[in-house]
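Student: Have a look at this one.
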Amino acid sequence: MRKPLVAGNWKMNGSRDANRELLSALQAELAGVDSVDLAVCPPAVYLAEVVDTLSASPIAVGGQDCSDQASGAYTGEVAAPMLREIGCRYVIVGHSERRERQNEDSVWVAAKYQAAQAAGLVPILCVGEQKEEREAGRTEAVVSEQLDAVLDAAGVESFDHAVIAYEPVWAIGTGLTATPEQAAEVHAFIRNRVAARDPRVAADLRILYGGSMKADNAAGLLAHDDIDGGLVGGASLDAANFAGIARAAAGAGE
Ligand code: 13P
């Protein structure tokens, strides 16, 4: 049985005051919600403070990106061992906003994934197609390329210590959520692709959905067997909304 995970990707949002307010509301809303793993991924500058604020909470903390290098002359980058040292458990790698704006390709993302695991972090590997790719019937080809780069570089067993997030790019920040059927179809495809290499690893692997997930559409998505939680953007900045998703995931996991 896979325990659901709901992670909030705050993206480039927040301030010290706003973070404190959000975390305190979140802890109040989530008191007593178990059967689900929870995490927040704030911007890098706030990570240490957020880890500190959540020190007595079951809510874990993750970075939004890491370097593929462990240390050295890489101005502006944050290394995975640094994230681990300050108390992060997770790190997002390969988010579509970075694939697009920073031109991260799948080989680079695989190197980040490996750097994260070498530092003891659990990478949350994002995959997903653009609108034009879906319309051209290329969703499976795109997701396969993104997934295979990591499977080839790191090996299937590495997915014992990783999470995948399927995030259709056309659903991110658009309010256009994938239907539960659309999402479930790709989740099953991803699981089968991992299963082709190792069925046991695939059966234990958590595959999250991301893209305009909200408290009011989460239950429908999470009702599908292959959808093991969410990577939540906009709604993670609102305590009641994020907690609603967490409760839906806890309910679906029971
Ligand atoms: P939204 O929930 O704002 O669509 O963002 C999803 C996402 O990109 C999470 O990483």
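Student: Given the criteria open to solvent by 20 Å² or more (accessible area, probe 1.4 Å), of a type outside the set (Phe, Trp, Tyr) and either within 14 Å of the ligand (Cβ to nearest atom) or farther than 14 Å from Pro180 by Cα (or both), does Leu221 qualify?
Tutor: no
Student: Please verify whether Glu129 is acidic (Asp, Glu) and surrounded by 15 or more Cβ atoms within 10 Å (Cβ to Cβ), treating the condition exactly as stated.
Tutor: yes
Student: Okay, moving on. Criterion first (within 18 Å of the chain's Cα centre (by Cα) and among the β-branched types (Val, Ile, Thr)) does Val156 satisfy it? Write out each step before concluding.
Tutor: On the way: within 18 Å of the chain's Cα centre (by Cα): no; among the β-branched types (Val, Ile, Thr): yes.
Considered against the rule, which asks whether it is within 18 Å of the chain's Cα centre (by Cα) and among the β-branched types (Val, Ile, Thr), Val156 comes out as no.
Student: Separate question: Only one residue in Val150, Val143 is closer than 13 Å to Val194 by Cβ, in a helix (DSSP H, G or I) and within 16 Å of the ligand (Cβ to nearest atom). Which one?
Tutor: Val143
Student: Still on this structure, please answer the following. Can you say whether Ala73 is open to solvent by less than 70 Å² (accessible area, probe 1.4 Å), aliphatic (A, V, I, L, M), more than 23 Å from Leu151 (Cα to Cα) and modelled with pLDDT of 95 or more, as far as the supplied structure shows? Outline the logic, then answer.
Tutor: Working: open to solvent by less than 70 Å² (accessible area, probe 1.4 Å): no; aliphatic (A, V, I, L, M): yes; more than 23 Å from Leu151 (Cα to Cα): yes; modelled with pLDDT of 95 or more: yes.
No.
Student: So which of Glu85, Glu97 ends up being more than 16 Å from the ligand (Cβ to nearest atom), more than 22 Å from Ala25 (Cβ to Cβ) and open to solvent by 60 Å² or more (accessible area, probe 1.4 Å)? Lay out the reasoning, then the answer.
Tutor: Numbers: Glu97 fails: more than 16 Å from the ligand (Cβ to nearest atom).
Result: Glu85 is the single residue among Glu85, Glu97 that is more than 16 Å from the ligand (Cβ to nearest atom), more than 22 Å from Ala25 (Cβ to Cβ) and open to solvent by 60 Å² or more (accessible area, probe 1.4 Å).
Student: Please work out which one of (1) in a strand (DSSP E or B); (2) touching a Pro at 6+ places or on another chain (Cβ under 9 Å) is the condition Ala178 fails and give its number.
Tutor: For Ala178, the failing item is (1).
Student: Cβ contacts < 7 Å: first residue within 12 Å of Ala119 (Cα to Cα), restricted to segment 66-82; second residue open to solvent by 50 Å² or more (accessible area, probe 1.4 Å) and among the charged types (D, E, K, R), any location; separation 6+ or different chain. Result?
Tutor: That search, which allows pairs on different chains as well, returns Ser67/Glu77.
Student: Mind checking whether some residue in segment 28-35 is in contact with a Leu (Cβ under 7 Å, 6 or more places away or on another chain), modelled with pLDDT of 95 or more and more than 23 Å from Gly210 (Cα to Cα)?
Tutor: no
The values are calculated or read from the model by the stated rules, or taken from the named source; none is laboratory data. Not measured: the values here are computed from a predicted model. Please note: Cβ atoms are built from the backbone with ideal geometry, for glycine as well, and neighbour counts cover all protein chains shown. Ligands, DNA and RNA are excluded from the accessible area calculation, which covers all protein heavy atoms including side chains. Shrake-Rupley method; radii C 1.70, N 1.55, O 1.52, S 1.80 Å.
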